[in-house]
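S.K.: This structure is in structure tokens; I'll ask about it shortly.
Since every read-out is calculated from the coordinates, none of them should be taken as a lab result. Model, not experiment: these values are computed from the prediction.
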């Protein structure tokens, strides 16, 4: 059951990233682009959670997951701070 929930979270983040990329391409909005990049990176983070739970305690991917989440948030923060209208 836990695998299904994490897979749905990854799929939802991927769907959000795809919709944001589509809207960014249509409107040429850089804020939408940074949001799409953030959700794309969060998709990678969710996939790493899936892999980490599937592999078990033999390999610890905690730091890699935290690093990708930090990159995702930094992308969004950069877009929020430096993107002007």
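S.K.: Of 20, 42, 70, which has the largest mean-square fluctuation in a 10 Å C-alpha GNM of the chain?
M.R.: 70
S.K.: Then there's this: Relative contact order, percent, of region 2-82 when contacts are C-alpha pairs under 8 Å separated by at least 6 residues?
M.R.: The value is 34 percent.
S.K.: Ok, one more. Rounding to the nearest 10 and keeping the result within 0 to 90°, find how far the Cα-based axis of helix 30-55 lies from the longest principal axis of the chain.
M.R.: 0 degrees
S.K.: Now, a different point. Return the calculated 222 nm mean residue ellipticity for the chain, to the nearest 500 deg cm²/dmol, obtained by summing -39500 (n - 2.57) across DSSP H runs with n ≥ 4 and dividing by the residue count.
M.R.: Calculated at 222 nm, the ellipticity per residue is -30500 deg cm²/dmol.
S.K.: Still on this model: Find the all-direction average of the projected area of the Cα convex hull for the chain, expressing the result in square nanometres with one decimal place.
M.R.: Answer in nm², one decimal: 5.6.
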